[in-house]
1. Take the stretch 151-190 and flag every residue that is loosely packed, with under 14 Cβ neighbours inside 10 Å, within 19 Å of T95 (Cβ to Cβ) and either in contact (Cβ under 8 Å) with a residue 60 or more places away in the chain or charged (D, E, K, R) (or both).
2. Any residue that is in contact with a Leu (Cβ under 9 Å, 6 or more places away or on another chain), farther than 25 Å from N85 by Cβ and in a loop (DSSP other than H, G, I, E, B) - is there at least one of those in the stretch 181-203?
3. Kindly indicate which of L71, L128, L81, L56 is among the aliphatic types (A, V, I, L, M), farther than 18 Å from E212 by Cβ and within 22 Å of the chain's Cα centre (by Cα).
4. I'm told E55 meets every condition in (1) over 24 Å from T156 (Cα atoms); (2) buried (at least 22 other Cβ atoms within 10 Å of the Cβ) except one. Can you identify the failing condition by its number?
5. Show the residue pairs meeting these rules: Cβ distance below 6 Å; 6+ apart or different chains; first residue within the stretch 88-112 and over 17 Å from V146 (Cα atoms); second residue in a loop (DSSP other than H, G, I, E, B).
6. For the stretch 125-142, which residues satisfy the criterion of being of a type outside the set (A, V, I, L, M, F, W, C), touching a residue at least 12 places away in the same chain (Cβ under 8 Å) and surrounded by fewer than 22 Cβ atoms within 10 Å (Cβ to Cβ)?
7. Any residue in the stretch 33-53 that's aromatic (F, W, Y): show its pairings with residues that are modelled with pLDDT of 95 or more at Cβ separation under 9 Å, as long as the two are six or more apart or on different chains.
8. Does I116 fit the bill of being part of a strand (DSSP E or B), within 15 Å of V170 (Cα to Cα) and modelled with pLDDT of 95 or more?
Amino acid sequence: MKKLIFKLLLVLLLIGIFIVSKHFPFFRYAIANADEVKVTLISVKGDVKLKVKEELKKVSKGDVVPLNSTLECGIGSEAILKWENGNVIKVKELTVFKVKSSSADEIGKEHYEMDITKGKIIAKVKTLVTKDSIFIIRTPNAVAGVRGTEFFTEVTPENKSIFSVLKGSVFVESAGIETIIPENHQVEVAEGLPPSQPEPLQSEIKEEMEKEIKEMEETIEEESEGKEEWEEKEEEESKEEKVSEEQEPTAIEPTPEDNVSNIVEDIINTEINEVLQSDIINFSPGTGGMDIIIQIPEEK
């Protein structure tokens, strides 16, 4: 009898969860896994290689950069990476750069994490939407976090990390000390030491940064125009291939949420049938219709 009572309570709980998930989609999204945000090479110049699972191969424009893969740029070489949702990073010559995490979920939470062990990168990061979203770049001796900015990160041959901010702000943490770098300032981090005090950007560094960002923006614009032309061509070819007769209706594939709902619904129906066949629930005529009577027998 205790088993039937437990099942009755389980049914009520499942019904509640089922109703909430049906009428409040964010309830499902809150427990859903984040989707990977694809990273693509939109520009490749010179000797650029990608190391995936210990295999080093040469890459070209349009290649996708898998998570936990390492990009290596040789002398006089560089590459520009673009994330699906707008973040862009240029990897300069003699740089080793790794994409560790790149994800976003349906409610706007984003997570990006990268490593640079040597060399220089230029980042143009869009503003993160939610407070718990993060964009982190790690060097051998520091961690930098941003929420929407344009900045340089460099790891020198002496293993010193340099962070230069053109727009927005960047926080840098090293040796347990965190420093905020304001716009048009930079800090240096030596091995085992906290970040230096922010200093104004030198004019030549600022000019170099502005030039690099402008070139990145031009590359992004060219890539967008090329993509639009390709999409227009695909649309025209699709129209030409259409036949006059009506196509048979295709079945709509159920979404993962629909599959989960159907499974939960089947469980609820099974449990309800078993409870209804027991002596716990009885129906009797009442003044306003049919009354449902739940009887919990005493233990003998």
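The values are calculated or read from the model by the stated rules, or taken from the named source; none is laboratory data. This is a predicted model, so every value here is computed, not measured. Heads up, the Cβs are rebuilt from the backbone with ideal geometry, glycines too, and the neighbour counts pull from every protein chain shown.
1. Across the stretch 151-190, the qualifying residue is only E158.
2. The answer is yes; a qualifying residue exists.
3. Numbers: L71 fails: farther than 18 Å from E212 by Cβ; L81 fails: farther than 18 Å from E212 by Cβ; L56 fails: within 22 Å of the chain's Cα centre (by Cα).
Residue meeting the stated conditions: L128.
4. Unmet condition: (2).
5. E93/I75; E93/G76; E93/S77; D105/A34
6. Correct list: K126, T127, T130, D132, S133, R138, P140, N141.
7. Once the first residue is aromatic (F, W, Y) and sits in the stretch 33-53, no partner that is modelled with pLDDT of 95 or more comes close enough.
8. no
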